[in-house]
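Derivation of every value follows stated rules applied to the coordinates shown; laboratory data play no part. Just so we're clear, the structure is a prediction, and the values are computed from it rather than from any experiment. With ideal geometry, Cβ positions are generated from the backbone for all residues, glycine too; neighbour counts draw on all protein chains shown.
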Amino acid sequence: MITGAHPFSALTPEVVLAALEGVGLACSGSLLALNSYENRVYQAGLDEGAPVVAKFYRPERWSDEAILEEHAFAAELAAAEIPVVAPLRLGDATLHHDGGFRFAVFPRRGGRAPEFERPGTLQWMGRFLGRLHVVGAQRPFAARPTLDLASFGEASRDFLLAGDFIPADLRAAWSSVADQALDAARHCYERAGPVAAIRLHGDCHAGNVLWTDEGAAPGPHFVDFDDCRMGPAIQDLWMLLSGERDEMARQLGEVLDGYEDFRELDRRELHLIEALRTLRLLHYSAWLARRWDDPAFPAAFPWFNTQHYWQDRILELREQVALMQEPPLPA
């Protein structure tokens, strides 16, 4: 059962192996914790065959219905021959319960981080995401949330101000610039006008993409859809861009060269790039604060909640306010 200061404190290796044995997997006893903070993820060796990857979901984050939508979306993409890793169906189920924990089991897939500076990589990523979004646009999520100003921006600001996270001497400055940033983001949304919300990967940065050069499906693939949600298509594209404005414009052109082989991007969504970046910055700080009772977080992010951290966030949001006044990137 879940006990202790934090729910994951009860997730011992013995509990993990017993849960996997309970869904019919004959484990060899080999268990390797993989890099994950939101959930707990393990590679488990089997007596026969390749190892599997087990993801134990953070208690109370998602409903069962939301997790099953994640699984169904991954399976839908895999059925369309889009390179993603869908959960295994064991005992006619993909979501399992054991000792108060919920978990899913996936086949292990390797790969390396994509090298976006290599010629052709961004176009390939664009084609991959274009195909993914064709499927994502076919129907909405019912149980998973939408990325918007209220959930990512305003709720994040309110949570941070309600807690004892921002040093007292910086609280007024951070609150003021956060309000300015949200106002500027709101104006970006107004300039864009109504844009379609589709099912997204939702967290498409380089760390969440694995690249393979061999096998039946070389190129990029996603191994985790834990953050999938509804939102504008540009959310899955802008995190591929980096550097100065001219460089990002060039990168965006390369991404769209591939993306629009499969799906046209509504150019009004380009007004949202810096607004979405701003929402992500606010959401990231609030995510760290919401997870601070998990012992893994102070150990992994010791710089959070320091004077220097919040000084940098104030400067960062001021820069975002200025960037949101500029015209959108040309495509």
FRET E, pair F116, Y284, Förster distance 22 Å, beta-carbon r, rounded to 0.05:
0.60
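Test of understanding: what is the full-extension gain from Q180 to A296, defined as 0.36 nm times their sequence separation minus their Cα-Cα distance?
Numbers: separation 116, 0.36 × 116 = 41.76 nm, distance 3.26 nm.
In short, 38.5 nm is gained.
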note: the range 7-107, Cα-Cα separations exceeding 17 Å make up a percent value of 50
Could you please rank L315, L237, L265, placing first whichever residue has the fewest other Cβ atoms within 10 Å of its Cβ?
L315, L265, L237
Using Cα pairs closer than 8 Å and at least 6 residues apart in sequence, work out the relative contact order for the range 121-323, in percent.
37
Could you give the nm distance between label points at R267 and R108, where each point is 7 Å from its Cα heading toward the beta carbon?
4.9
Take the alpha carbon atoms of the range 63-130, find their center, do the same for the range 143-199, and report the distance between the two centers in whole angstrom.
29
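Suppose R0 equals 30 Å; then what is the FRET efficiency for R139 and L95 from their Cβ-Cβ distance, rounded to the nearest 0.05? Before the final figure, lay out the partial values.
On the way: r = 20 Å, r/R0 = 0.67.
So the FRET efficiency works out to roughly 0.90.
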Comparing Q307, Q251, Q123, which has the greatest mean-square fluctuation in the GNM of the chain with Cα pairs linked when under 10 Å apart?
Q307
For q values of 0.09, 0.10, 0.15 Å⁻¹, compute log₁₀ I(q)/I(0) with the Debye formula on a Cα-only model of the chain, without solvent.
-0.52, -0.65, -1.38
How much mean residue ellipticity at 222 nm does the chain get from its helices, if each DSSP H run of length 4 or more adds -39500 (n - 2.57) and you divide by all residues, to the nearest 500 deg cm²/dmol?
-13000 deg cm²/dmol
Full-stretch length increase - L161, R318 - with 0.36 nm per residue and alpha-carbon distance subtracted:
54.7 nm
